Amino acid sequence: MAALMDRAYVEMRPWSAKDIADTLTARHCQALCHAHGFLIVQMVAGEGEILALATDPDAQRQGVASSLVSELIRIATGHNVSRLLLEVASQNQPARAFYASKGFAQVGLRRGYYTLRDGTKDDAVLLSLAIAQGQGGPAPVSQGSDTKSG
Ligand SMILES: CC(C)(COP(=O)(O)OP(=O)(O)OC[C@H]1O[C@@H](n2cnc3c(N)ncnc32)[C@H](O)[C@@H]1OP(=O)(O)O)[C@@H](O)C(=O)NCCC(=O)NCCS
């Protein structure tokens, strides 16, 4: 996961393997994994915070992140989560375009929140998506999917 994140996070600082392992042992955190990407989420108190999302550069624009977010919405609905939240660097246009395509809306801004790989600072844009209860619904058992939680 750390190697994939290192390839995908071009401007953002990627997490180390230890960062990922430590996060996944924290309460309420889990990873949704796909052969070419993953998502890490913390679901607590009715909110799901997307802590990381990455698709391998060779597999981008093929719906990998879309399938991960769809799976997250399905799982979140089962946990009575009504809102997804995340922070994204303001200069990260691919990610901002991705989240906009999923209906996420800006709800805040944290100035100078990120230090990028090159040492420069960037603002964090806070995004939110309301989940209608029942939006996800149960996964059809017969429908093949290479997205699974772990
Ligand atoms: C953001 C990211 C996860 C998107 O993953 P992906 O698997 O390529 O996304 P999808 O294929 O599901 O894209 C779905 C839609 O999002 C939008 N989108 C995704 N990448 C985009 C890009 N580079 N430019 C413009 N729109 C984009 C498009 O509307 C796309 O639909 P389309 O391909 O039919 O036009 C991926 O670019 C990535 O890993 N980036 C680096 C890590 C990162 O920034 N993570 C987010 C941190 S908060």
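What follows draws every value from the coordinates through simple rules; no lab data is involved. Here the structure is a predicted model, which means the values were calculated and not measured. Positions of Cβ are backbone-derived with ideal geometry, glycine not excepted, and every protein chain shown enters the neighbour counts.
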Sorted from fewest to most neighbouring beta carbons within 10 Å, what does the list Asp123, Asp22 look like? Asp22, Asp123
Checked against the positive end of the charge dipole of the chain (+1 on Cβ of Lys and Arg, -1 on Cβ of Asp and Glu, about the Cα centre), the farthest of Ala21, Gln133, Gly119 is Gln133
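Once the Cβ-Cβ distance between Arg61 and Ala35 is put in as r, and R0 is 22 Å, what FRET efficiency do you end up with, to the nearest 0.05?
Step by step, r from the Cβ atoms, then E = 0.90.
To the nearest 0.05, what FRET efficiency results for Leu116 and Asn80 with a Förster distance of 35 Å applied to their C-beta separation?
Details: r = 36 Å, r/R0 = 1.02.
The calculated FRET efficiency here is 0.45.
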Ordering 27-39, 93-105 by per-residue average of other C-beta atoms within 10 angstrom, highest first, gives 27-39, 93-105
For the chain, give the share of DSSP beta bridges that are antiparallel, in percent and rounded to the nearest 5; count only bridges with both residues there. 90
Go ahead and collect, in residue order, the members of the range 1-17 whose backbone nitrogen is under 14 Å from a label point 7 Å along the Cα-Cβ direction of Thr23. 1-10, 12-17
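For the chain, what relative contact order do you get, as a whole percent, if you take Cα pairs closer than 8 Å and at least 6 residues apart?
Once normalised by length, the contact order is 25 percent.
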